Amino acid sequence: MGAAVEILDTEGLDALTMRRLGTRLGVAAMSLYRHVPGRDALLAEVVNRIFAESVAGRPEQASWPEALAAFGVSYRQVLLAHPNAVPLLATHPVDVELGLRLLTELLSAFEAGGVAQADALTAVQSVGVYVLGHALAQVGTPPGADPAPAAPEEPFYDEWFMAGLLAMVTGFEQRLASR
């Protein structure tokens, strides 16, 4: 999947085809169908791989609010590192079982804090959608505009993102403390 992510990063979503991937790997496109049934499955694997980057190697946090904020920051960093993938992740969900496995440590922080799993999943999903939407606003392009993603270095995006993320985490802290 590394080659598929590279194509997506350097050439864009439309360039990520079985034929193009086969060329990159030096194999016939038809041979790829032994590994993935088609382009939709390829895109699903790319989504899962990119999401996995956002939780890989993260240090353990002391509390669920810290862990939730760290997840939001990490997920955003990964999305901004793969700007061409942001629209893909916005329209293709991560595999549910894989997502739950990848988020085990984060969900464990909620459990250790006495938060019910349903509430934890609501908080994590809410932050994930916020991060994805913010990244899409930052790197997306309007219809008919140059397809190259906008430069993700705009400093006000960082301020806006952190303000929103911290407001969400604080809001969940207050909401869950009152239960």
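So here's what we get for this one:
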item: Long-range neighbours under 8 Å by Cβ, at least six apart or interchain, first residue closer than 18 Å to S74 by Cβ and small (G, A, S) within the range 153-172, second part of a helix (DSSP H, G or I) and at pLDDT 95 or above; result: G164/Y130; G164/H134
item: Tally, over the range 1-60, of residues that are within 30 Å of S108 (Cβ to Cβ) and among the polar types (S, T, N, Q); result: 2
item: Helices (runs of 4 or more DSSP H) contained in the range 56-146 and holding at least 1 residues closer than 26 Å to W160 by Cα; result: 64-81, 86-91, 104-112, 117-139
item: Test result for R49, surrounded by fewer than 15 Cβ atoms within 10 Å (Cβ to Cβ) and among the basic types (K, R); result: no
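Table: residues versus (1) at pLDDT 95 or above; (2) aliphatic (A, V, I, L, M).
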position	(1), (2)
L121	yes, yes
G140	no, no
A150	no, yes
R179	no, no
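The values are calculated or read from the model by the stated rules, or taken from the named source; none is laboratory data. Values in this document were obtained by computation on a predicted structure and should not be read as measured data. Every residue, glycine as well, gets a Cβ built from its backbone with ideal geometry; the counts of neighbours run over all protein chains shown.
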